[in-house]
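The structure appears right after this line, and notes come after that.
The values are calculated or read from the model by the stated rules, or taken from the named source; none is laboratory data. Source: prediction; values computed, not measured. Using ideal geometry, Cβ is built from the backbone for each residue, glycine included, and neighbour counts are taken over all protein chains shown.
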């Protein structure tokens, strides 16, 4: 690969970001990475990536930049705050340079997405911005099987495609603004919250009715409703084992955002509202930091203690 | 097949029953069938089945008898009412005869299941009764891929196995009473109603938010929640096409029964209660006899007219 | 009062019935009473009432008969069961006798009301039946300030007026069938359950928000929403004092009946459904036999112990 | 009254404010008023009030200042924005002047209350701030029968008492921060929304059940639940007359704020959530700007047209 090859930048090397950046390197891209704590960049350096010391260094150098930050606050800080930020790096590029496309894969609310997008596109003429939150976990990131839910202009989407296809197996442009990506993600979270909430309700009824819960889950697994989520969460509910994967408080926060969206749009959302109430109750019973399958606990009169589990 | 071979009886040759009885004949059983309207028995006769003129004739002759009737009323009438009933046939058997096992595959409520079961087992000593409602449609019946949700004594279950395995691909003994089968079925119906209700809610939000609904369904289809039910019903909702497969009023009736069960058991069921409210609204808006995907209509302010569809 | 004066009958001398019958005697009516346990009739005898040994004795003698029984089972037993029943007494009257008007003040469900009404009116030609459940407690019964919610024919209503006006301060003919009275009562119970449920929700929020709950109740008491029920129940909630007046399980049963009615009528009832869920949770948490203000407990994560109170 | 008498200031002379300021003048206070549109100040001038041309003029002159603005935006603008604002006037006072007490009677959310309070108290040392939103309409303002729901320091509360007592009949210090007043008001709004929502639900059921709705309302009016709100709104529902008094969108906004508060506090609020859904549905059906009794319409399948009214 020649030194002149276009560089792809990557900001944020957490559990997900590190795997995603590795995919970019592994598929032959010329990659420059940045992470606040530089130690996490070392494995990428050994794979051949350049390591920058600020976000600005990445955006002043690379034409296509991906960001994968932990939360809205970090996404805003890296993109917009101060002379080391991505925005500063874009503004510092010579007028003759190719326009940057900045792709934010962090999961953020619609307002944050719009805010970051506006700051980035205002940094220099013709700068592109794409919101591209992912569906999938670190194994998907490692295997390049992430799903990208994109919102932004068609041009930015097309510029991002080579990187998206190196890191994921499917991608969709769901709307023309960054907020559309956040809202689309929220739609999936609503389904997830309601399905797992319903499963908890059904399991509580099955138990109270004296039915064989394991067999009920088997039957469900053979029906037209069969899906991996119910299979996994149903088992956790049976075992009363709520080691966190995706926490109650995060699932409930997404339901809350969806209910606010529904309210803004003037659409009643009674099922999500009822489901939200059960996640709030699970929080109230002390399960905020447990896996969201712990919504099952909201159907019991007393707070149950969790079984000891071996693996941490 | 010798004349002395044990006969398997089948009562009720509707859309489902005819296919199920055909499977029994096709797998080499010596079958005797009964249907109120005798014309529907003709295809079975041509396949080699004997045709009885009353339920009693079947139960006085066969050791293993399956029933597949349209509703609780028909299930009770065939089993219990009058001198032509299944009970009468069982009572008429000589004391030396092998005890009968009666397997009711009809979908009935728990109370009806218990009532029929009690009448059958009281008809003669050692008579067995198994409630075995099915999950699956007529194609599954034709292909022998039905799922049987059984409730009753282990002995009756074991006696029924050869017939169950000729007609279905999976079977579970979910509890020790006929009511347990009905309650287990209800658990699946609760999940079905709540998942499709949630899907309707999410689709209504997506539409109001200006998102690409077809793409949202694709994303859902790639997620850990992917399941054939959402795929099928999501398409119907997008097309506003509610040609009945399983009707709104039937789905709502099942939610109502589940809520009464929850009430009896002292378990709150807020998600099912909210979902039930939306199906009632769909009824109120004139969709009682449409497919239950029409719960989508409950999220619109005005009653929408349905598109013309070609197949009636 | 001459011996020939028309006799008014009264069946059932519980806490309410004893007071009601006393009112009839006190306003100068010529009264004959019946109670299963004869000891309870003694105070009425001392006031001047005749004491019968069977319901039939009352209905064969009196032209206007009131019944106030504990529950649907008792209401049916006294009215319809066996040779001592009210029906038997009516049937035994000579054809020339004045037709009887039977007024059932017991609180029963609509189905029981219709059943008792049919049996009574079938007992003899021109027999009148009025369902007239009451609103009010034993103090109202003592003071003649009960409210009568009536359902039945205009003729029966008019025949009952002298008795109703001796025992109560207001009366309404709400519909033309016995079931209408039960349904009207249910409407009030729905309001009661929902208002007290809302009060509990608001008090839980106030407490969690650190507001002065006593002051909030004062403000409510000065607003356009001020009502004696909220004043009384709000105090009980603040004191966490749930000595039973009207129990959780009874209030929840009424919400359940109302939800079944709503379902039958095809009207969504989401607020009552949500409220019902909270009463079920209160049952689940062990408050079934406490005052229905204990729905407040459904908003806490842990089951609270009740304070010691002096009077049991 | 001498020229040296302490002046009471009043900012905002809308429908409510004009009446409130008149009460202050009428009870002998030495009053200075301000209104953005000066024409509205004319009646007050004729009553004897001084008229200021900016909020700053009022706060630099008066020791006790009341504000009654239309919404959070106006409340903030008058208090905080620019050199004419109340804050600027306070800052301009000589260090030797008596500290100002600023009482904001506007209905604002908790966040706005805290923001305005912080700005005011930061304007000069020892400045007092009291949030004092009112319960009551313009007739109460005219008659001095408003209720004040106060939040702030005890000192500010006591300084405000002479003015509060001139304008209202009751006052409560509900908590120590401006946000507490907003939250207390929200508690009343939750009750109002839920009670009227329940009333609508009950009226819809009564109608569907064929009961006499007018009589049902009469019975309710004789029960322990009787309150002026139900009486008024029940009549409007019966007449299908929704000329706006307090609009659907305002009531729904308050429920939304209450649900967000509940979410923040970790308290489930299923009844309010269900009720909120019905107000959203009323908005969806086109009733956003009608009186909130129009939540009744959410229980009908079709949007009803409103009757012509003569408006009083």
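Residues satisfying the criterion are absent from the range B:177-190 (criterion: touching a helix residue (DSSP H, G or I) at 6+ places or on another chain (Cβ under 6 Å) and more than 26 Å from residue B:276 (Cα to Cα)).
Counted as qualifying within the range D:172-286 are the helices (runs of 4 or more DSSP H) with 2 or more residues that are touching a residue at least 60 places away in the same chain (Cβ under 8 Å), namely D:178-208, D:228-239, D:248-265, D:270-282. Does residue B:17 satisfy the condition of being surrounded by fewer than 19 Cβ atoms within 10 Å (Cβ to Cβ) and either assigned by TED's automatic domain parsing to the domain that holds residue B:150 or over 17 Å from the mean Cα position of the chain (by Cα) (or both)? No: the conditions fail for residue B:17.
Scanning the range A:244-258 finds one or more residues that are at the interface with chain B (Cβ under 9 Å from one of its Cβ atoms) and in contact with a helix residue (DSSP H, G or I) (Cβ under 9 Å, 6 or more places away or on another chain). For the range D:231-240, the criterion of being within 30 Å of residue A:281 (Cβ to Cβ) and touching a helix residue (DSSP H, G or I) at 6+ places or on another chain (Cβ under 7 Å) is satisfied by no residue at all.
Hey, can you tell me all the residues within the range C:75-103 that are under 18 Å from residue C:7 (Cβ atoms) and surrounded by 24 or more Cβ atoms within 10 Å (Cβ to Cβ)? Correct list: C:78, C:86, C:89, C:90, C:100, C:101, C:102, C:103. If residue D:28 passes every condition in (1) modelled with pLDDT under 95; (2) under 22 Å from the mean Cα position of the chain (by Cα) but one, which one does it miss? Of everything listed in (1) modelled with pLDDT under 95; (2) under 22 Å from the mean Cα position of the chain (by Cα), residue D:28 misses just condition (2).
Just for the range B:176-190: of the residues that are buried (at least 23 other Cβ atoms within 10 Å of the Cβ) and facing chain A (nearest Cβ under 8 Å), which one is farthest from residue A:146 (Cα to Cα)? Result: B:180. Go over the candidates B:226, B:298 one by one and state the one that is surrounded by 24 or more Cβ atoms within 10 Å (Cβ to Cβ) and within 9 Å of chain A (Cβ to nearest Cβ). When all the criteria are applied, what remains is B:298.
Using the structure shown, decide if residue C:285 is surrounded by fewer than 24 Cβ atoms within 10 Å (Cβ to Cβ), closer than 21 Å to residue A:274 by Cβ and either within 14 Å of chain D (Cβ to nearest Cβ) or over 23 Å from the mean Cα position of the chain (by Cα) (or both). Yes; evaluated as a whole, the condition is true for this residue. When you check residue C:204 against the structure, is it on the phi < 0 side of the Ramachandran plot, surrounded by fewer than 18 Cβ atoms within 10 Å (Cβ to Cβ) and within 14 Å of chain D (Cβ to nearest Cβ), yes or no? Against the criterion (on the phi < 0 side of the Ramachandran plot, surrounded by fewer than 18 Cβ atoms within 10 Å (Cβ to Cβ) and within 14 Å of chain D (Cβ to nearest Cβ)), residue C:204 does not qualify. The one condition from (1) surrounded by 19 or more Cβ atoms within 10 Å (Cβ to Cβ); (2) more than 9 Å from every other protein chain (Cβ to nearest Cβ); (3) more than 19 Å from the chain's Cα centre (by Cα); (4) more than 22 Å from residue B:259 (Cα to Cα) that residue A:239 does not meet is (1). As a summary of the residue check, residue A:165 satisfies the conditions (1) assigned to a helix (DSSP H, G or I); (2) within 14 Å of chain B (Cβ to nearest Cβ); (3) touching a strand residue (DSSP E or B) at 6+ places or on another chain (Cβ under 9 Å) except for the one numbered (2).
Within the range D:208-220, if we keep just the residues that are in contact with a helix residue (DSSP H, G or I) (Cβ under 6 Å, 6 or more places away or on another chain) and more than 7 Å from chain C (Cβ to nearest Cβ), the residue that is nearest to residue C:224 (Cα to Cα) turns out to be D:217.
I'd like to verify a number: residues in the range C:141-155 that are within 26 Å of residue C:15 (Cβ to Cβ) and assigned to a helix (DSSP H, G or I), how many? Show your work before the answer.
First pass over the range C:141-155, keeping only residues within 26 Å of residue C:15 (Cβ to Cβ): C:141-152.
Now drop any that are not assigned to a helix (DSSP H, G or I), which leaves C:141-143.
Number satisfying all stated conditions: 3.
For residue C:268, the conditions (1) more than 25 Å from the chain's Cα centre (by Cα); (2) farther than 15 Å from residue B:259 by Cα; (3) within 14 Å of chain D (Cβ to nearest Cβ) all hold with the exception of (2).
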